[in-house]
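Asks: Please see the structure below; I have some questions.
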Amino acid sequence: MRKTKSFQSVRRQYFYPELKRCPSCHQRLSLLRGLYLKKTIQTLDGVLWLGGYASHCVNPKCQDRQRRYLSSQLAALSLPGVTYGLDVIVRVGWRRQHDHRTMNEIGQELRSLGVQVTDREVERLWDYYRLLLRGLNQADLVKLREAEQAYGGLIWSADGLQPESGEPQLWVVREVLTRLVVRAEWLSQMDAPTLKAFLQPVKALGFKTLATVSDQQQALVKALKATWRKPHQACQSHFLRDAATPLVEQDRAGMVEIKAKIRGIRAIERQIEAAEPQDRSAAIVGTYVLALRQGLRFRSRAPLQLGGVRLYALLEELTNSIQRCLKKETMSVSFNC
Ligand SMILES: [Zn+2]
(Lines give C-alpha, C1' and ligand atoms only; values in the text may rest on other atoms or scores of the structure.)
Protein backbone atom coordinates (compact mmCIF):
# COMPACT_ATOMS: atom_id res chain seq x y z
CA MET A 1 0.00 0.00 0.00
CA ARG A 2 2.94 2.28 -0.54
CA LYS A 3 1.99 3.31 -4.08
CA THR A 4 1.67 7.08 -4.29
CA LYS A 5 -1.85 8.25 -4.92
CA SER A 6 -3.06 11.73 -5.69
CA PHE A 7 -6.29 13.09 -4.30
CA GLN A 8 -8.44 15.99 -5.47
CA SER A 9 -9.93 17.01 -2.19
CA VAL A 10 -8.40 16.32 1.20
CA ARG A 11 -9.95 17.29 4.52
CA ARG A 12 -7.61 18.27 7.32
CA GLN A 13 -8.25 17.19 10.87
CA TYR A 14 -6.19 17.87 13.96
CA PHE A 15 -6.13 15.79 17.10
CA TYR A 16 -5.02 16.54 20.63
CA PRO A 17 -4.28 13.93 23.29
CA GLU A 18 -7.23 13.28 25.59
CA LEU A 19 -5.02 12.53 28.58
CA LYS A 20 -4.44 15.64 30.64
CA ARG A 21 -2.30 14.19 33.44
CA CYS A 22 0.76 11.97 33.44
CA PRO A 23 -0.36 8.43 34.31
CA SER A 24 2.88 7.92 36.21
CA CYS A 25 3.37 11.04 38.37
CA HIS A 26 -0.06 12.72 37.85
CA GLN A 27 1.43 16.09 36.91
CA ARG A 28 -0.23 18.06 34.13
CA LEU A 29 1.02 16.99 30.71
CA SER A 30 2.43 19.59 28.37
CA LEU A 31 1.90 19.73 24.58
CA LEU A 32 4.94 19.24 22.35
CA ARG A 33 5.47 21.93 19.73
CA GLY A 34 4.64 20.95 16.16
CA LEU A 35 2.81 17.94 14.86
CA TYR A 36 3.98 14.58 16.13
CA LEU A 37 2.12 12.49 13.57
CA LYS A 38 0.97 13.25 10.02
CA LYS A 39 -0.91 10.78 7.93
CA THR A 40 -3.26 10.75 4.93
CA ILE A 41 -5.95 8.09 4.87
CA GLN A 42 -8.78 7.22 2.49
CA THR A 43 -12.11 6.77 4.23
CA LEU A 44 -15.60 6.09 2.88
CA ASP A 45 -16.26 9.71 3.68
CA GLY A 46 -13.41 11.12 1.60
CA VAL A 47 -9.69 11.58 2.04
CA LEU A 48 -8.47 12.78 5.42
CA TRP A 49 -5.19 14.35 6.31
CA LEU A 50 -4.62 13.69 9.99
CA GLY A 51 -2.41 15.83 12.17
CA GLY A 52 -1.75 14.60 15.69
CA TYR A 53 -0.24 16.64 18.51
CA ALA A 54 1.49 14.78 21.30
CA SER A 55 1.95 15.64 24.94
CA HIS A 56 4.65 14.67 27.42
CA CYS A 57 5.46 14.92 31.08
CA VAL A 58 7.80 17.78 32.04
CA ASN A 59 8.34 16.73 35.63
CA PRO A 60 12.17 16.27 35.83
CA LYS A 61 11.76 13.57 38.46
CA CYS A 62 9.21 11.54 36.47
CA GLN A 63 10.39 8.17 35.20
CA ASP A 64 8.19 8.49 32.09
CA ARG A 65 9.51 11.76 30.73
CA GLN A 66 10.36 10.12 27.40
CA ARG A 67 6.83 8.89 26.82
CA ARG A 68 4.65 10.61 24.18
CA TYR A 69 0.85 10.65 24.42
CA LEU A 70 -1.37 10.88 21.34
CA SER A 71 -5.11 11.17 20.78
CA SER A 72 -6.88 7.84 21.14
CA GLN A 73 -9.46 9.08 18.66
CA LEU A 74 -6.75 9.54 16.07
CA ALA A 75 -5.64 5.97 16.70
CA ALA A 76 -9.23 4.79 16.22
CA LEU A 77 -9.43 6.10 12.64
CA SER A 78 -6.87 3.78 11.09
CA LEU A 79 -4.44 0.98 11.89
CA PRO A 80 -0.72 1.75 12.18
CA GLY A 81 0.95 1.67 8.75
CA VAL A 82 -2.35 1.41 6.85
CA THR A 83 -3.43 4.29 4.61
CA TYR A 84 -7.10 3.32 4.56
CA GLY A 85 -9.57 4.25 7.27
CA LEU A 86 -10.81 1.62 9.65
CA ASP A 87 -14.27 2.17 8.12
CA VAL A 88 -12.95 0.86 4.79
CA ILE A 89 -11.48 -2.21 6.50
CA VAL A 90 -14.77 -2.83 8.29
CA ARG A 91 -16.69 -2.49 5.01
CA VAL A 92 -14.35 -5.01 3.34
CA GLY A 93 -14.76 -7.41 6.26
CA TRP A 94 -18.53 -7.10 6.25
CA ARG A 95 -18.85 -7.60 2.50
CA ARG A 96 -16.56 -10.63 2.53
CA GLN A 97 -17.69 -12.33 5.71
CA HIS A 98 -21.38 -11.45 5.75
CA ASP A 99 -22.27 -10.91 2.06
CA HIS A 100 -19.71 -13.42 0.65
CA ARG A 101 -18.59 -10.99 -2.05
CA THR A 102 -15.44 -11.56 -4.09
CA MET A 103 -12.42 -9.25 -3.72
CA ASN A 104 -13.16 -7.89 -7.18
CA GLU A 105 -16.77 -7.05 -6.29
CA ILE A 106 -15.68 -5.37 -3.08
CA GLY A 107 -13.01 -3.44 -4.98
CA GLN A 108 -15.58 -2.25 -7.50
CA GLU A 109 -17.91 -1.07 -4.77
CA LEU A 110 -15.13 0.85 -3.01
CA ARG A 111 -14.00 2.44 -6.28
CA SER A 112 -17.57 3.49 -7.04
CA LEU A 113 -17.49 5.30 -3.68
CA GLY A 114 -14.37 7.20 -4.73
CA VAL A 115 -11.82 5.07 -2.84
CA GLN A 116 -8.65 4.50 -4.88
CA VAL A 117 -7.94 0.83 -4.31
CA THR A 118 -6.82 -2.17 -6.35
CA ASP A 119 -8.19 -5.69 -5.86
CA ARG A 120 -4.82 -6.65 -4.41
CA GLU A 121 -5.10 -3.91 -1.83
CA VAL A 122 -8.62 -5.09 -0.99
CA GLU A 123 -7.07 -8.47 -0.17
CA ARG A 124 -4.58 -6.80 2.16
CA LEU A 125 -7.45 -4.96 3.83
CA TRP A 126 -9.23 -8.29 4.33
CA ASP A 127 -6.07 -9.56 6.05
CA TYR A 128 -6.07 -6.51 8.32
CA TYR A 129 -9.71 -7.13 9.13
CA ARG A 130 -8.98 -10.70 10.21
CA LEU A 131 -6.03 -9.47 12.24
CA LEU A 132 -8.33 -7.01 13.97
CA LEU A 133 -10.73 -9.75 15.02
CA ARG A 134 -8.02 -12.22 15.97
CA GLY A 135 -7.78 -11.04 19.55
CA LEU A 136 -4.72 -10.73 21.73
CA ASN A 137 -1.66 -12.92 21.35
CA GLN A 138 1.05 -13.65 23.89
CA ALA A 139 3.29 -10.75 22.79
CA ASP A 140 0.37 -8.31 23.16
CA LEU A 141 -0.29 -9.55 26.68
CA VAL A 142 3.37 -9.02 27.59
CA LYS A 143 3.21 -5.50 26.20
CA LEU A 144 0.08 -4.75 28.23
CA ARG A 145 1.65 -6.20 31.37
CA GLU A 146 4.73 -3.99 30.90
CA ALA A 147 2.60 -0.88 30.40
CA GLU A 148 0.55 -1.75 33.47
CA GLN A 149 3.73 -1.97 35.53
CA ALA A 150 5.21 1.21 34.06
CA TYR A 151 2.09 3.35 34.57
CA GLY A 152 0.38 1.63 37.42
CA GLY A 153 -2.55 0.71 35.19
CA LEU A 154 -4.03 0.87 31.69
CA ILE A 155 -6.52 3.13 29.90
CA TRP A 156 -9.32 1.68 27.76
CA SER A 157 -11.07 3.35 24.85
CA ALA A 158 -14.06 1.93 22.96
CA ASP A 159 -15.63 2.86 19.64
CA GLY A 160 -18.20 1.37 17.25
CA LEU A 161 -18.10 1.41 13.43
CA GLN A 162 -21.04 0.65 11.19
CA PRO A 163 -20.43 -0.72 7.66
CA GLU A 164 -23.89 0.42 6.49
CA SER A 165 -26.82 2.07 8.20
CA GLY A 166 -29.17 -0.47 9.74
CA GLU A 167 -26.42 -3.10 9.99
CA PRO A 168 -24.60 -4.26 13.15
CA GLN A 169 -21.57 -2.30 14.32
CA LEU A 170 -18.03 -3.54 14.74
CA TRP A 171 -16.98 -2.53 18.24
CA VAL A 172 -13.32 -2.12 19.06
CA VAL A 173 -11.61 -1.73 22.45
CA ARG A 174 -8.13 -0.25 22.47
CA GLU A 175 -5.60 0.25 25.20
CA VAL A 176 -4.58 3.90 24.92
CA LEU A 177 -1.01 3.78 26.26
CA THR A 178 0.11 0.86 24.06
CA ARG A 179 -2.33 1.61 21.18
CA LEU A 180 -3.16 -2.10 21.04
CA VAL A 181 -6.51 -3.37 19.79
CA VAL A 182 -7.63 -5.56 22.66
CA ARG A 183 -11.00 -6.76 21.48
CA ALA A 184 -13.27 -6.43 18.42
CA GLU A 185 -16.71 -7.89 17.89
CA TRP A 186 -19.87 -7.32 15.84
CA LEU A 187 -22.78 -6.11 17.94
CA SER A 188 -26.38 -5.75 16.74
CA GLN A 189 -27.48 -3.73 19.74
CA MET A 190 -25.95 -0.64 21.24
CA ASP A 191 -27.53 -0.54 24.69
CA ALA A 192 -25.62 -0.38 27.97
CA PRO A 193 -26.11 -4.08 28.97
CA THR A 194 -24.86 -5.30 25.54
CA LEU A 195 -21.84 -3.01 25.70
CA LYS A 196 -21.15 -4.04 29.27
CA ALA A 197 -21.17 -7.71 28.25
CA PHE A 198 -18.83 -6.84 25.37
CA LEU A 199 -16.38 -5.11 27.74
CA GLN A 200 -16.47 -7.94 30.27
CA PRO A 201 -13.71 -10.10 28.69
CA VAL A 202 -11.41 -7.03 28.70
CA LYS A 203 -12.09 -6.53 32.38
CA ALA A 204 -11.54 -10.26 32.94
CA LEU A 205 -7.93 -9.88 31.69
CA GLY A 206 -7.43 -8.54 35.19
CA PHE A 207 -5.31 -5.48 34.41
CA LYS A 208 -5.36 -2.54 36.75
CA THR A 209 -7.28 0.33 35.13
CA LEU A 210 -6.54 4.05 35.40
CA ALA A 211 -9.30 5.55 33.25
CA THR A 212 -11.57 5.10 30.24
CA VAL A 213 -12.01 7.26 27.12
CA SER A 214 -14.86 7.41 24.61
CA ASP A 215 -17.35 9.67 22.86
CA GLN A 216 -20.42 10.93 24.72
CA GLN A 217 -22.85 8.12 23.77
CA GLN A 218 -24.82 7.62 26.96
CA ALA A 219 -25.03 3.82 26.74
CA LEU A 220 -21.29 3.54 26.17
CA VAL A 221 -20.29 5.94 28.94
CA LYS A 222 -22.63 4.07 31.28
CA ALA A 223 -21.17 0.69 30.30
CA LEU A 224 -17.57 1.92 30.71
CA LYS A 225 -18.27 3.45 34.10
CA ALA A 226 -20.18 0.39 35.31
CA THR A 227 -17.42 -1.98 34.16
CA TRP A 228 -14.43 -0.20 35.65
CA ARG A 229 -15.78 2.46 38.02
CA LYS A 230 -12.89 4.73 37.00
CA PRO A 231 -12.67 8.33 35.73
CA HIS A 232 -14.02 8.73 32.19
CA GLN A 233 -12.77 11.26 29.64
CA ALA A 234 -14.62 12.39 26.51
CA CYS A 235 -12.72 12.60 23.21
CA GLN A 236 -12.49 16.26 22.22
CA SER A 237 -13.23 15.77 18.55
CA HIS A 238 -16.10 13.44 19.37
CA PHE A 239 -17.38 16.05 21.77
CA LEU A 240 -17.12 18.77 19.11
CA ARG A 241 -18.84 16.51 16.58
CA ASP A 242 -21.70 15.82 18.97
CA ALA A 243 -22.03 19.51 19.80
CA ALA A 244 -22.11 20.47 16.11
CA THR A 245 -24.63 17.81 15.07
CA PRO A 246 -27.78 20.03 15.33
CA LEU A 247 -26.03 22.72 13.27
CA VAL A 248 -25.01 20.25 10.58
CA GLU A 249 -28.53 18.82 10.47
CA GLN A 250 -29.93 22.31 9.93
CA ASP A 251 -27.36 22.91 7.23
CA ARG A 252 -28.36 19.68 5.46
CA ALA A 253 -32.04 20.69 5.58
CA GLY A 254 -31.14 24.11 4.16
CA MET A 255 -29.20 22.42 1.38
CA VAL A 256 -32.21 20.27 0.43
CA GLU A 257 -34.32 23.44 0.21
CA ILE A 258 -31.79 25.19 -2.02
CA LYS A 259 -31.41 22.14 -4.23
CA ALA A 260 -35.19 21.93 -4.69
CA LYS A 261 -35.07 25.43 -6.18
CA ILE A 262 -32.30 24.63 -8.64
CA ARG A 263 -34.04 22.67 -11.35
CA GLY A 264 -33.55 22.13 -15.07
CA ILE A 265 -29.73 22.11 -15.13
CA ARG A 266 -29.68 19.02 -17.33
CA ALA A 267 -31.86 20.78 -19.95
CA ILE A 268 -29.44 23.73 -20.05
CA GLU A 269 -26.49 21.34 -20.31
CA ARG A 270 -28.13 19.65 -23.31
CA GLN A 271 -28.56 23.02 -25.00
CA ILE A 272 -24.90 23.83 -24.37
CA GLU A 273 -23.83 20.46 -25.74
CA ALA A 274 -25.91 21.09 -28.88
CA ALA A 275 -24.55 24.63 -29.39
CA GLU A 276 -22.07 25.49 -32.14
CA PRO A 277 -18.42 25.50 -31.00
CA GLN A 278 -18.10 29.22 -31.80
CA ASP A 279 -21.16 30.10 -29.67
CA ARG A 280 -19.53 32.30 -27.01
CA SER A 281 -22.58 32.71 -24.81
CA ALA A 282 -22.97 28.92 -24.64
CA ALA A 283 -19.37 28.71 -23.43
CA ILE A 284 -20.04 31.32 -20.75
CA VAL A 285 -23.24 29.67 -19.55
CA GLY A 286 -21.35 26.37 -19.58
CA THR A 287 -18.84 27.77 -17.07
CA TYR A 288 -21.66 28.78 -14.72
CA VAL A 289 -23.36 25.40 -15.03
CA LEU A 290 -20.08 23.67 -14.22
CA ALA A 291 -19.63 25.81 -11.11
CA LEU A 292 -23.18 25.00 -10.09
CA ARG A 293 -22.65 21.29 -10.62
CA GLN A 294 -19.62 21.45 -8.34
CA GLY A 295 -21.66 23.32 -5.74
CA LEU A 296 -24.32 20.62 -5.78
CA ARG A 297 -21.62 18.16 -4.75
CA PHE A 298 -20.85 20.03 -1.53
CA ARG A 299 -21.52 17.93 1.56
CA SER A 300 -22.25 18.73 5.18
CA ARG A 301 -20.14 16.87 7.68
CA ALA A 302 -19.82 17.29 11.41
CA PRO A 303 -18.24 19.15 12.98
CA LEU A 304 -17.16 21.99 10.73
CA GLN A 305 -18.04 21.31 7.10
CA LEU A 306 -21.25 23.13 6.15
CA GLY A 307 -22.17 22.31 2.54
CA GLY A 308 -25.44 24.28 2.65
CA VAL A 309 -23.70 27.50 3.69
CA ARG A 310 -21.04 26.97 1.02
CA LEU A 311 -23.68 26.33 -1.65
CA TYR A 312 -25.59 29.45 -0.61
CA ALA A 313 -22.43 31.55 -0.84
CA LEU A 314 -21.60 30.09 -4.24
CA LEU A 315 -25.09 30.84 -5.58
CA GLU A 316 -24.82 34.41 -4.35
CA GLU A 317 -21.47 34.77 -6.08
CA LEU A 318 -22.80 33.30 -9.30
CA THR A 319 -25.89 35.55 -9.24
CA ASN A 320 -23.73 38.65 -8.75
CA SER A 321 -21.42 37.56 -11.53
CA ILE A 322 -24.33 36.90 -13.93
CA GLN A 323 -25.78 40.30 -13.15
CA ARG A 324 -22.44 41.98 -13.84
CA CYS A 325 -22.20 39.95 -16.99
CA LEU A 326 -25.66 40.98 -18.21
CA LYS A 327 -24.85 44.64 -17.62
CA LYS A 328 -21.67 44.32 -19.61
CA GLU A 329 -23.38 42.44 -22.40
CA THR A 330 -24.88 45.69 -23.73
CA MET A 331 -21.30 46.51 -24.62
CA SER A 332 -19.64 43.21 -25.27
CA VAL A 333 -19.62 39.66 -24.03
CA SER A 334 -16.29 38.53 -22.68
CA PHE A 335 -15.06 35.24 -21.31
CA ASN A 336 -13.69 36.93 -18.23
CA CYS A 337 -16.95 37.91 -16.62
ZN1 LIG B 1 5.12 12.21 34.87
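Asks: Find all pairs meeting these conditions: Cβ atoms under 8 angstrom apart; at least six residues apart or on different chains; first residue within the range 252-268 and without any contact (Cβ under 8 Å) to a residue 24 or more places away in the chain; second residue part of a helix (DSSP H, G or I) and β-branched (Val, Ile, Thr).
Replies: Qualifying pairs under 8 Å: Ile268/Val285; Ile268/Val289.
Asks: Let me confirm something: among Leu110, Leu125, Leu141, which residue is part of a helix (DSSP H, G or I), in contact with a strand residue (DSSP E or B) (Cβ under 7 Å, 6 or more places away or on another chain) and either hydrophobic (A, V, I, L, M, F, W, C) or without any contact (Cβ under 8 Å) to a residue 24 or more places away in the chain (or both)?
Replies: Only one candidate qualifies: Leu125.
Asks: When the range 8-66 is examined, which residues are found to be more than 21 Å from Trp156 (Cα to Cα), in contact with a Cys (Cβ under 6 Å, 6 or more places away or on another chain) and without any contact (Cβ under 8 Å) to a residue 40 or more places away in the chain?
Replies: Result: Asn59, Arg65.
Asks: Taking the stated definitions as given, is Arg91 assigned to a helix (DSSP H, G or I) and either more than 14 Å from the ligand (Cβ to nearest atom) or under 25 Å from Leu210 (Cβ atoms) (or both)? Working first, answer last.
Replies: Details: assigned to a helix (DSSP H, G or I): yes; either more than 14 Å from the ligand (Cβ to nearest atom) or under 25 Å from Leu210 (Cβ atoms) (or both): yes.
Here the answer is yes, as Arg91 does meet what is asked.
Asks: Search the range 17-35 for residues being part of a strand (DSSP E or B) and modelled with pLDDT of 90 or more, and hand back the single one that is farthest from the ligand (Cβ to nearest atom).
Replies: Just the residues of the range 17-35 that are part of a strand (DSSP E or B), to begin with: 21, 28, 30-31.
Now restrict to residues that are modelled with pLDDT of 90 or more: 28, 30-31.
Values: Arg28: 9, Ser30: 10, Leu31: 14 Å.
For the range 17-35, the residue satisfying everything is Leu31.
Asks: Residue check: is Arg130 at pLDDT below 90 and among the charged types (D, E, K, R)?
Replies: Considered against the rule, which asks whether it is at pLDDT below 90 and among the charged types (D, E, K, R), Arg130 comes out as no.
Asks: Quick check: is even one residue across the range 42-63 within 16 Å of the ligand (Cβ to nearest atom) and assigned to a strand (DSSP E or B)? Don't jump to the end; show me each part of the working.
Replies: Taking the range 42-63 first, the residues within 16 Å of the ligand (Cβ to nearest atom) are 54-63.
Next, only the ones that are assigned to a strand (DSSP E or B) stay: 55-56.
Yes; the residues of the range 42-63 include at least one that is within 16 Å of the ligand (Cβ to nearest atom) and assigned to a strand (DSSP E or B).
Asks: Further question: Look through Gln216, Gln233 and report the one residue that is outside the structural domain of Arg21 (by TED's automatic domain parsing), polar (S, T, N, Q) and in contact with a helix residue (DSSP H, G or I) (Cβ under 8 Å, 6 or more places away or on another chain). Explain how you work it out, then say what you get.
Replies: Working: Gln233 fails: in contact with a helix residue (DSSP H, G or I) (Cβ under 8 Å, 6 or more places away or on another chain).
Step by step, each of Gln216, Gln233 is checked, and only Gln216 is outside the structural domain of Arg21 (by TED's automatic domain parsing), polar (S, T, N, Q) and in contact with a helix residue (DSSP H, G or I) (Cβ under 8 Å, 6 or more places away or on another chain).
Asks: On the basis of being out of contact with any Cys (no Cβ under 9 Å at 6 or more places or on another chain), acidic (Asp, Glu), at pLDDT below 90 and more than 23 Å from Gln63 (Cβ to Cβ), does Asp242 make the cut?
Replies: On the way: out of contact with any Cys (no Cβ under 9 Å at 6 or more places or on another chain): yes; acidic (Asp, Glu): yes; at pLDDT below 90: yes; more than 23 Å from Gln63 (Cβ to Cβ): yes.
So Asp242 fits the description; yes.
The values are calculated or read from the model by the stated rules, or taken from the named source; none is laboratory data. Treat the numbers as computed from the prediction; the structure is a model and nothing was measured. All Cβ positions, glycine included, derive from the backbone under ideal geometry; neighbour counts span all protein chains shown.
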